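Before any comments, here is the structure.
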Amino acid sequence: MTENISPPQTQIPIIPKKQIRWFRQKLLSWSAINLRDFPWRRTTDPYAIFIAEVLLQKTDATTVEKIYETFLTRYPDIKAIADTQIEKIAELLTPLGLHFRAERLHRSAQIILEKHGGKIPATEAELMELPGIGQYTARSICACAFGQPLAVLDTNIARIIERFFGIKGNRVKSRCKILWGTAELIAPKKNVGIWNLTLIDFGAAICTASRPRCQNCPLQRHCHYAKINSCHQDKTTP
């Protein structure tokens, strides 16, 4: 299949509300059966979710799952992290890679103790002041831990948006204002934490980077990408 989508756009496209509602309904129906189960998805505790999001940065969820609960047992709160040596944290996090993760986490714990009384900040702006916390991570924490209606955007989500709606974002998806704006536009007003997870899992399981499972996709009927590729195949079939 070819990645045949529209040229780069300069503003957020106008998407019919009916199309957005259909898109949401199909994906949420899919997630009701297929959403993956991880321990950090069974809690709304800000600390537990904060740790999960830090560990999940550039790391596969199944790899994080192997040490996540061990980490929480060893470091049950922010103070426990701030009081320990960076080397001990790094040793536990070795399987995850990114050697600087332990240092950033340790420094973040110190800042949270000093500026926030040991409580995880509840705003996107405050979270982004912490070392290594970008917009995606901050918004994910706000949505999952504090129930805030904040959409997120990563490579998987950007791919779904580009393919389904026929949008072409910038080369660096995480910084593309068009894709961020579209992600916010299509997100529901409630339960955005679940919505974000739905898009992440759908991008990992169905709308994959290579060999997407279009034949098993609940969005196929109105998907721009599926339509273009279907037409292409029809024209090239003897």
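Gaussian network model of the chain, Cα springs within a sub-10 Å range: biggest mean-square fluctuation belongs to which of Ile33, Ile49, Ile81?
Of the options given, Ile33 has the highest mean-square fluctuation.
Counting only helical runs of four or more DSSP H residues, what would the 222 nm mean residue ellipticity of the chain come to if each run contributes -39,500 (n - 2.57) and the total is spread over all its residues?
Per the formula, -17500 deg cm²/dmol.
Work out how far the C-alpha atoms of the chain reach from end to end along every principal axis, then list the three figures in whole Å, largest first.
Largest first, the chain extends 68, 32, 32 Å along its Cα principal axes.
Find the relative contact order for region 109-238 and round it to a whole percent, using C-alpha pairs within less than 8 Å whose residues are 6+ positions apart. Mind dumping the intermediate values first?
Working: 136 pairs, mean separation 28.1, N = 130.
It comes to 22 percent, rounded to a whole number.
Rg/Rh for region 17-110 to two decimals, with Rh computed the Kirkwood way over all alpha-carbon pairs.
So for region 17-110, dividing Rg by the Kirkwood Rh gives 1.11.
Could you rank Arg104, Arg171 by how accessible they are, 1.4 Å probe, largest area first?
Numbers: Arg104 100, Arg171 210 Å².
I get Arg171, Arg104, largest accessible area first.
Please compute, for the alpha-carbon atoms of region 137-185, the extent along each of the three principal axes and give them in descending order in Å.
32, 18, 16
Could you tell me what percent of the accessible area of the chain is made up of carbon and sulfur, with a 1.4 Å probe and every protein chain present?
52 percent
Just want the answer: with Cβ charges of +1 for Lys and Arg and -1 for Asp and Glu, which residue in Trp40, Pro188, Gly118 is farthest toward the dipole's positive end in the chain?
Ranked along the dipole, the leading option is Pro188.
Which whole-number value in Å² is the accessible area per residue of the chain, probe 1.4 Å? Mind showing how you got there, number by number?
Numbers: 12960 Å² over 238 residues.
Heavy-atom SASA per residue in the chain reads 54 Å².
Springs between alpha-carbon pairs under 10 angstrom, Gaussian network model over the chain: which of Thr73, Thr155, Thr123 fluctuates most?
Answer for the Gaussian network model of the chain: Thr73.
Which value, in debye to the nearest 20, gives the size of the charge dipole of the chain about its Cα centre, when Lys and Arg are +1 and Asp and Glu are -1 at the Cβ?
1140 debye
When the Cα centres of region 87-119 and region 139-169 are compared, how far apart do they sit, in Å?
Spelled out, the Cα-based centre of one part sits 26 Å from the other.
To the nearest 20 debye, what is the magnitude of the charge dipole of region 42-144 about its Cα centre, counting +1 on the Cβ of each Lys and Arg and -1 on the Cβ of each Asp and Glu?
Magnitude of the dipole: close to 40 debye.
Rounded to whole Å and sorted largest first, list the principal axis extents of the Cα atoms in region 114-238.
Sorted from largest, the Cα extents of region 114-238 read 70, 27, 22 Å.
Under 10 Å, Cα contacts only: if you run a Gaussian network model on the chain, which one of Glu162, Glu114, Glu124 comes out with the highest mean-square fluctuation?
Highest fluctuation among the options: Glu114.
Using the Cα centre of region 90-231 as the reference point, and only Cβ charges (+1 on K/R, -1 on D/E), how large is the resulting charge dipole? Debye, rounded to the nearest 20.
640 debye
The values are calculated or read from the model by the stated rules, or taken from the named source; none is laboratory data. Computed from a prediction, not measured in an experiment: that's the story for all the values here. In this analysis, Cβ positions are derived from the backbone assuming ideal geometry, glycine residues included, and neighbour counts consider all displayed protein chains. In case anyone asks, the SASA skips ligands and DNA or RNA and just uses the protein heavy atoms, side chains included. Shrake-Rupley method; radii C 1.70, N 1.55, O 1.52, S 1.80 Å.
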